[in-house]
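Report on the following structure.
The values are calculated or read from the model by the stated rules, or taken from the named source; none is laboratory data. The structure displayed is predicted, hence computed values, not measured ones. As a convention, Cβ positions derive from the backbone with ideal geometry for all residues, glycine included, and neighbour counts pool all protein chains shown. Each accessible area value is taken on the protein alone, full model and side chains, heavy atoms only, with ligands, DNA and RNA left out. Shrake-Rupley method; radii C 1.70, N 1.55, O 1.52, S 1.80 Å.
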Amino acid sequence: MGEETGIGTAKDAADHELILAFGRLQGAANRLEYILGRALEVECGISHLVFEVLLILGRAGEPGMSMRAIAQEQVLTTGGATRLVDRMETAGLVTRAESPDDRRGKLVRLTPLGEETAVRAARVHLENIKRYFVEPLPVADRERFAEDLRILSHTARDVLPRLP
């Protein structure tokens with residue numbers, strides 16, 4: 001096995017080109033998540049996860065989304081999504097409404113404050129994306145890089161099992 005992969009020692013593993021490349025991707029994602037997430041917290045008073053849910057709900061529009069759909073979009077358990085939405089509801093960002101298709105189900109939708117917060121946070125986030133994610137890259141590579149990320153994201157998404 002070691003001969004096929006070129007990995008025979010821990011040093012070989014640590015220095016392997018593909019392992020290094022993936023580590024750099026993961027490191028960049030973690031650092032950018034921290035930088036951009038911290039800016040949302042400081043400037044808008046929300047976490048990056050809350051911002052992502054605001055975007056998901058904004059994209060869904062009326063009449064809203066079920067807790068299950070939110071959980072699937074964020075790769076959360078339904079319990080985790082419920083706790084997050086509970087906090088968002090307490091903050092006045094979302095509301096729950098009766099589902100027209102399921103008498104037992106509730107749909108989550110943005111409140112006017114949630115809409116306003118999503119827009120304000122998106123403006124902050126976009127400026128930071130430009131500053132920390134786009135501007136460091138060569139102009140000629142930006143479009144291809146964005147497309148490559150889309151491909152990787154969709155491939156990984158399609159491998160993940162759907163929540164029951």
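I want to check the label-to-label distance for Ser47 and Tyr132. Put each point 7 Å from Cα in the C-beta direction and report it in nm to one decimal. For Ser47 paired with Tyr132, the spin-label model returns 1.7 nm. Extents of the chain, largest first, come to 60, 37, 26 Å (Cα atoms, principal axes, whole angstrom). Of the solvent-accessible surface of region 35-164, computed with a 1.4 Å probe and all protein chains present, 56% belongs to carbon and sulfur.
With only alpha-carbon pairs counted, each pair once and no self-pairs, how large is the Kirkwood hydrodynamic radius of region 93-164 in angstroms?
On the way: mean 1/r = 0.0625 Å⁻¹.
Evaluated on region 93-164, it is 16.0 Å.
Using θ = phi - 60° in the Karplus curve 6.51 cos²θ - 1.76 cosθ + 1.60, the 3J(HN,Hα) couplings for region 23-40 round to x, 5, 4, 5, x, 4, 4, 5, 5, 5, 4, 5, 4, 6, x, 5, 4, 5 Hz; x is entered for Gly and Pro.
A crude spin-label estimate for the pair Leu55 and Leu18, with each label 7 Å from Cα along the Cβ direction, gives 2.9 nm. Estimated from the Cβ-Cβ distance and a Förster radius of 35 angstrom, the FRET efficiency linking Asp102 and Val159 is about 0.75. If R0 equals 22 Å, the separation of the Cβ atoms of Thr111 and Thr82 corresponds to a calculated FRET efficiency of about 0.80. What residue among Ala146, Ala97, Ala60 shows peak mean-square fluctuation when the chain is described by a Gaussian network model with Cα springs under 10 Å? Largest GNM mean-square fluctuation: Ala146.
Between region 144-158 and region 43-60, the alpha-carbon centres lie 21 Å apart.
Close amide H pairs (under 5 Å, H built 1.01 Å from N) link Thr111 with Val94, Thr95, residues at least 5 positions away or on another chain. Residues considered: Ile35, Ile70, Ile56. Largest GNM mean-square fluctuation over the chain, using C-alpha springs under 10 Å, is found at Ile35.
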